[in-house]
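Okay, so here's the structure we're looking at.
Rule-based calculations on the coordinates, nothing more; no lab input. Being a predicted model, the structure only gives us computed values, none of them experimental. Don't worry about glycine lacking a Cβ; one is built from the backbone with ideal geometry, like all the others, and counts go over all protein chains shown.
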Amino acid sequence: MNWTGATVDSDPFGRGMLAAGVSEGTIKAWAEDPQVVLEGKKGSLFDFLEDLDADTVLSTCVKLSAP
């Protein structure tokens, strides 16, 4: 979305995240590269997801979005 200007629901990966239960608001907030906590470590969301395949990114996003 950041590079193409697509909307969440027009982007194939965005639709996948929505279907997996990640809210549109969360996806939009994540587009700003916030600091998040993953497995006890705090850091840039983009850094945590860098160099991962799409399936791993999706499962990590689902984990991060869980309450």
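Each residue in the stretch 11-46 was checked for being surrounded by 12 or more Cβ atoms within 10 Å (Cβ to Cβ) and farther than 17 Å from residue 1 by Cα, and 4 of them qualify. Only residues that are of a type outside the set (Asp, Glu) and in contact with a helix residue (DSSP H, G or I) (Cβ under 7 Å, 6 or more places away or on another chain): list them for the stretch 29-47, please. Hits for the stretch 29-47 are 30, 34, 36, 38, 45.
Taking every residue in the stretch 6-28 that is on the phi > 0 side of the Ramachandran plot and pairing it with any residue that is loosely packed, with under 13 Cβ neighbours inside 10 Å, at least 6 positions away or on another chain, the pairs with Cβ-Cβ distances below 9 Å are 21/66.
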